[in-house]
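See structure below.
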Amino acid sequence: MRLLFITPLIDPWELKSPVLTRGRPPLGLFVKMLPLTGHQPPYGVLYLIAVLKRAGHEARFIDGTLTTHDELLRAIAEYAPAWVGLSSTSRYWRAGVATIELIRRAFPALKIMVGGSHASALPEEALADSPAIDAVFVGEAEESLLEFLAAPEKAIPGVVRRANDAVHPWTPRPSPQRLDDLPFPDRSQYPPRRYRPSPLFYKRLPHTALFGSRGCPYGCSFCHSNRDVRFRGVDHVMEEIRATQRDLGIREYTFYDETITIRRPWILDLCERMRQAALPIGWSANARVDGLDREVLAAMKAAGCWKLLFGLESGVQKHLDALCKGQTLEAAREGVRLTNEAGLEAEGCFMLGIPDETPDEARRTIRFALELPLAYAGFSNLMPFPGTAIFERVRGEPGFQGYDHLHFQDLAYVPRTMTRDQLASLLRTAYRRFYVRPSYWWSRLRTIRTLTDAVRHLRGLIYVAFLRR
Ligand code: B12
Ligand code: SF4
């Protein structure tokens, strides 16, 4: 069978933050020719395509951010798929629905399925959102999709369908357990030239992402991660690194695992294998500050790691506790200190606009970020994602603006304790105070060793210049 996967048709400038950056830079005419900073292909879809091809199906992917309505419709007419599959986060869900309705009008007989984080969090609502949707996939779909294509009329766990005007009874399904049985994501599906990671994610290029594990055991109330933790074998990960290096010349990897350090023997083993292989690559990963020690950090450094990204969230302990982060301010100080001591860079991500947070408390978070020896910091408003405890808590509040605003630096939610203008201004203040510091740029300049690194710092500086006052 032939399937075409798409992401919602959106204007690339929607990826920029209206709260933080000044209007459109005067580059409109060239936007379709430039790489999209920070934009990444949907690796979940690339996994599905690899699985489908291995099973004898045909599949390809078109990125709605890099395509126009007319190009998409032409591509569908030429490729003539049996199914179109939309992948979407909550942020672009409405744009995704508009996209599939456009497709349904042009091709009334075409079948349409949806998946991704929004559909997984709110499957029945998603199905009700558009009569154009024939099936909703909940969670990781490598197994359910193959079963579904083999018997589209059967009830398959993890797939939600319509029965007349109602939702057909459905059951959830466990996520795939044996990640080593999955093929590598099909990276032939996207033009690498059009994707460039944000300056915080590479020191060398070309870049790609890797997943050593899926899921996270922690229960932060704002996070929509799968709680079922599964690891790939170290051999399997090494094989993917070698293959991407050999076939695509990749020199920089981001591990998108939720927390790469949760299984200590695994990360030590992976680092040792990378060190022995002496690969000319660099990498960075997400971690928790409380899962670190000197031995693990030294092993990471020796294996080519240069940065760890930590969710530090707040500089006020009572808010960390309310978010069920299970982390202390002291652990944050210690984790960042140890990271620096090991010669790695630390990036901290913080949230402003937490329920019940006052503007003064948000300022304490900004001061906390400035106190820590962080190489980079990201500040976003708290985003109540469907499927999280925070979403259930605030969805009825007047401060919740709806799905369309669920992305970093827009204001999806404003707590009762501050105004919208105050929150926007706090976010801008946070970025300005962190990045507009001569001492900060002096310390950054001293780390530059290569031309690529110099160019990425220049790109960072251009962002700072475009920050709104
Ligand atoms: C890596 C990552 C990114 C990367 C790359 C994203 C990408 N294009 O792959 C970057 C940094 C660019 C990014 C950006 C954003 N992200 Co992000 N990201 C992730 C992360 C950590 C991993 C995603 C991933 O690849 N997972 C692994 C694969 C295997 O799983 P998967 O993507 O869910 O795909 C599986 C299923 O969903 C399903 N599936 C997916 N699509 C489809 C389609 C069909 C037809 C079918 C049948 C099945 C199906 O099958 C796939 C294979 O099993 C997740 C957290 C997480 N644990 O998933 C957050 C996550 C997806 N991101 C999130 C958000 C909010 C964003 C942003 C909006 C943030 C922002 N910048 O404002 C943007 C939006 C990007 C976009 N275009 O929509 C939220 C989404 C929550 C929500 N309900 O919407 C998540 C869940 C994290 C969280 N905070 O809780 N993200
Ligand atoms: S925020 Fe991080 S530590 Fe918390 S549940 Fe999500 S991935 Fe895990």
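Only residues in region 332-351 that are free of Cβ contacts under 8 Å to residues at least 60 places away in the same chain and under 7 Å from Phe310 (Cβ atoms) count as the first member; pair them with residues that are polar (S, T, N, Q) and crowded, with 16+ Cβ neighbours inside 10 Å, Cβ under 6 angstrom, at least 6 apart or cross-chain, and list the lot.
From residues that are free of Cβ contacts under 8 Å to residues at least 60 places away in the same chain and under 7 Å from Phe310 (Cβ atoms), the pairs are Ala346/Thr339.
Could you tell me whether any residue of region 56-65 is buried (at least 20 other Cβ atoms within 10 Å of the Cβ) and on the phi > 0 side of the Ramachandran plot?
Scanning region 56-65 turns up no residue that is buried (at least 20 other Cβ atoms within 10 Å of the Cβ) and on the phi > 0 side of the Ramachandran plot.
Can you tell me which of Arg251, Arg288, Arg232, Arg275 is more than 23 Å from Arg178 (Cα to Cα), in contact (Cβ under 8 Å) with a residue 12 or more places away in the chain, within 23 Å of the chain's Cα centre (by Cα) and more than 16 Å from ligand 2 (Cβ to nearest atom)? Full working, then the answer.
Values: Arg288 fails: more than 16 Å from ligand 2 (Cβ to nearest atom); Arg232 fails: more than 23 Å from Arg178 (Cα to Cα); Arg275 fails: within 23 Å of the chain's Cα centre (by Cα).
Testing whether each residue is more than 23 Å from Arg178 (Cα to Cα), in contact (Cβ under 8 Å) with a residue 12 or more places away in the chain, within 23 Å of the chain's Cα centre (by Cα) and more than 16 Å from ligand 2 (Cβ to nearest atom) leaves just Arg251.
Restricting attention to region 291-307, does a residue exist that is within 16 Å of ligand 1 (Cβ to nearest atom), under 24 Å from the mean Cα position of the chain (by Cα) and buried (at least 17 other Cβ atoms within 10 Å of the Cβ)? It would help to see each step written out before you state the result.
If we filter region 291-307 for residues that are within 16 Å of ligand 1 (Cβ to nearest atom), which is where we start, we get 307.
Of the ones still in play, those that are also under 24 Å from the mean Cα position of the chain (by Cα) are 307.
Among the residues that remain, those that are also buried (at least 17 other Cβ atoms within 10 Å of the Cβ) are: 307.
Checked region 291-307: at least one residue is within 16 Å of ligand 1 (Cβ to nearest atom), under 24 Å from the mean Cα position of the chain (by Cα) and buried (at least 17 other Cβ atoms within 10 Å of the Cβ).
Let's see how each residue does on (1) of a type in the set (A, V, I, L, M, F, W, C); (2) surrounded by 12 or more Cβ atoms within 10 Å (Cβ to Cβ); (3) at pLDDT 90 or above; (4) assigned by TED's automatic domain parsing to the domain that holds Pro206:
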| residue | (1), (2), (3), (4) |
| --- | --- |
| Asp421 | no, no, yes, yes |
| Leu426 | yes, yes, yes, yes |
| Tyr431 | no, yes, yes, yes |
| Phe434 | yes, yes, yes, yes |
| Ser439 | no, no, yes, yes |
| Val455 | yes, yes, no, yes |
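So which residues in region 60-97 are away from ligand 2 (no atom under 16 Å from the Cβ) and assigned to a loop (DSSP other than H, G, I, E, B), if there are any at all? Give the steps one after another, and end with the answer.
Within region 60-97, the subset away from ligand 2 (no atom under 16 Å from the Cβ) is 60-88, 91-97.
Those that are away from ligand 2 (no atom under 16 Å from the Cβ) and assigned to a loop (DSSP other than H, G, I, E, B): Asp63, Gly64, Thr65, Leu66, Thr67, Thr68, Ala80, Pro81, Ala82, Ser88, Arg91, Tyr92.
For Ile354, indicate whether it is more than 16 Å from ligand 1 (Cβ to nearest atom), over 21 Å from Asn226 (Cβ atoms), touching a residue at least 60 places away in the same chain (Cβ under 8 Å) and surrounded by 16 or more Cβ atoms within 10 Å (Cβ to Cβ).
On the way: more than 16 Å from ligand 1 (Cβ to nearest atom): no; over 21 Å from Asn226 (Cβ atoms): yes; touching a residue at least 60 places away in the same chain (Cβ under 8 Å): yes; surrounded by 16 or more Cβ atoms within 10 Å (Cβ to Cβ): yes.
So Ile354 does not fit the description; no.
When you look at Ala331, is it modelled with pLDDT of 95 or more, more than 16 Å from ligand 1 (Cβ to nearest atom) and in contact with an Asp or Glu (Cβ under 7 Å, 6 or more places away or on another chain), yes or no? Give the derivation first.
On the way: modelled with pLDDT of 95 or more: yes; more than 16 Å from ligand 1 (Cβ to nearest atom): yes; in contact with an Asp or Glu (Cβ under 7 Å, 6 or more places away or on another chain): yes.
So Ala331 passes the test.
Mind checking which residues of region 226-237 are in a loop (DSSP other than H, G, I, E, B) and surrounded by fewer than 19 Cβ atoms within 10 Å (Cβ to Cβ)? Steps first, please.
If we filter region 226-237 for residues that are in a loop (DSSP other than H, G, I, E, B), which is where we start, we get 226-229, 232-233.
Residues satisfying the conditions are Asn226, Arg227, Asp228, Val229, Gly233.
The values are calculated or read from the model by the stated rules, or taken from the named source; none is laboratory data. Since the model is a prediction, treat every value here as computed from it, not as a measurement. Quick reminder, even Gly has a Cβ in these numbers, built from the backbone with ideal geometry, and neighbours come from all protein chains shown.
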